[in-house]
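Working notes, structure below.
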Amino acid sequence: MSSFIKTPFLPRGKVETVIIDRRVTKSIQNKIRAKGINIIETPYCKDLYDAVSAHPDMLMHHIGGNEIVVAPNIYSEINEKFKELNCKIIKGDKILKSTYPDNVAYNVGRIGRFAIHNFKYTDKIVIRKLKEMEVEFINVKQGYSKCSICIVNEKAIITSDKGIAKQLMIHNIDVLLIESGYIDLPGLSYGFIGGATGLISSNKLLFCGNTKKHPNYKSIRKFLKKYSVTIDSVGEKKLIDIGSIIPITETLT
C-alpha cells in the first residue's frame, strides 16, 4: 500500500517517490527509476545562485506526511507538479534570495523528533508547523543544515560539520564525522554529504556517485553496517551534492 512518509527522510518501507534536482543527469535519473522509484523534478529558482538553484533542500521542507512547505519563489510551479500526488503544498513566508542567510530558510535538517537549523533564519511557516507537531529544536550555527546531514536513522547521522556533530551528540545521536570536501558541487568548491544522499528504504541509503572514491569510504561503510544499512550508489564518479534525495511516498508491505 502506498502512503506518504510520516517522519521526513525516514521511510519505513520501500520508497516509491523522491524529489531531486531537475538537473540531475538522465543517466542517474534512469538508474533511480530502474529501482522502481518515481521522480519529481524541482523547478528552477532564478533567485538563488546557479549551483543550488534547483536543490530541493534549499527550496522546500517536508514537514511530514503529505505536507510540504515551499518557498514562495517556486510555489506555483511546484504546486502543479504535486497535484497528482495529493500533496498539501504550503506556501512559505520567506522569499529566497541569492546570498546567505537569505537562502537557507527551508534548509532544515530533520532526525526523527528533532529539527536542526540556525533558527534565526528559518521560515516562519516551517517553525509554526514544526511546533504544531511538537518537534524539538536543536539550534546550530550552520544554516545549510540539511545539506550537511546524511540521515542514517532516527538515532544516527553522517556529517562533516563539527558544530552539528557536537550538538547532536549532546542529544544522544550517534555521529560519524567525516572530512570536509571530496564531494562535487558544480559552481562551488565542494558540496556536502547530506546533499548527496537519501534513504530509499529503512535499511538502504542511496548515494549520488561512487562512495569508494571518498577518502572516508571504509568508515562510512562500517558505520552503516552497525545500523544494518546498506550502500546503494548511482553513478561511477565522485559523490555529487544534488540538494538531497528527498523521499516522499513509500510502499508498506
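The values are calculated or read from the model by the stated rules, or taken from the named source; none is laboratory data. Note that this is a predicted model, so its numbers are computed, not measured. Quick reminder, even Gly has a Cβ in these numbers, built from the backbone with ideal geometry, and neighbours come from all protein chains shown.
Observations, loosely collected:
Table: residues versus (1) farther than 21 Å from Ile242 by Cα; (2) of a type in the set (Val, Ile, Thr).
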{"residue": "Ser148", "(1), (2)": "no, no"}
{"residue": "Met169", "(1), (2)": "yes, no"}
{"residue": "Asn172", "(1), (2)": "yes, no"}
{"residue": "Phe192", "(1), (2)": "no, no"}
{"residue": "Thr197", "(1), (2)": "no, yes"}
{"residue": "Pro215", "(1), (2)": "no, no"}
{"residue": "Lys218", "(1), (2)": "yes, no"}
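- Region 219-242, residues that are crowded, with 16+ Cβ neighbours inside 10 Å and modelled with pLDDT under 95: Gly235
- Qualifying residue in region 2-13 (condition: aliphatic (A, V, I, L, M), modelled with pLDDT of 95 or more and under 29 Å from Lys141 (Cα atoms)): yes
- Tally, over region 204-233, of residues that are within 15 Å of Ser160 (Cα to Cα) and either among the small types (Gly, Ala, Ser) or touching a Pro at 6+ places or on another chain (Cβ under 8 Å) (or both): 1
- Residue ranges of strands (runs of 3 or more DSSP E) in region 1-108 with at least 3 members among the β-branched types (Val, Ile, Thr): 14-20, 67-70
- Across region 182-222, the qualifying residues are those that are in contact (Cβ under 8 Å) with a residue 60 or more places away in the chain and part of a loop (DSSP other than H, G, I, E, B), and the one among them that is nearest to Leu252 (Cα to Cα) is Ser202.
- Residues of region 130-141 that turn out to be in contact with a strand residue (DSSP E or B) (Cβ under 8 Å, 6 or more places away or on another chain) and either part of a loop (DSSP other than H, G, I, E, B) or on the phi > 0 side of the Ramachandran plot (or both), as a count: 3
- Of the residues making up region 168-181, those that are surrounded by fewer than 19 Cβ atoms within 10 Å (Cβ to Cβ) and either touching a strand residue (DSSP E or B) at 6+ places or on another chain (Cβ under 7 Å) or in contact (Cβ under 8 Å) with a residue 40 or more places away in the chain (or both) are Met169, His171, Asp174, Leu177.
- Residue tally, condition within 16 Å of Pro215 (Cβ to Cβ) and either free of Cβ contacts under 8 Å to residues at least 24 places away in the same chain or polar (S, T, N, Q) (or both), over region 144-167: 2
- Those residues of region 1-17 which are within 17 Å of Ile149 (Cβ to Cβ) and not polar (S, T, N, Q), in sequence order: Ile5, Pro8, Phe9, Leu10, Pro11
- Some residue of region 93-112 being farther than 23 Å from Gly13 by Cα, free of Cβ contacts under 8 Å to residues at least 24 places away in the same chain and hydrophobic (A, V, I, L, M, F, W, C): no
- Scanning region 166-181 for residues that are part of a helix (DSSP H, G or I) and polar (S, T, N, Q) gives a single hit, Gln167.
- Scope region 105-137; condition surrounded by fewer than 22 Cβ atoms within 10 Å (Cβ to Cβ) and either of a type in the set (S, T, N, Q) or within 17 Å of the chain's Cα centre (by Cα) (or both); matching residues: Gly112, Arg113, Phe114, Asn118
- Residues of region 75-95 satisfying the condition of being in contact with a Pro (Cβ under 8 Å, 6 or more places away or on another chain), more than 14 Å from Val18 (Cα to Cα) and surrounded by fewer than 22 Cβ atoms within 10 Å (Cβ to Cβ): Glu77, Lys91, Asp93, Lys94, Ile95
- When region 144-165 is filtered for residues that are under 13 Å from the mean Cα position of the chain (by Cα) and in a loop (DSSP other than H, G, I, E, B), the ones remaining, listed by number, are Tyr144, Ile149.
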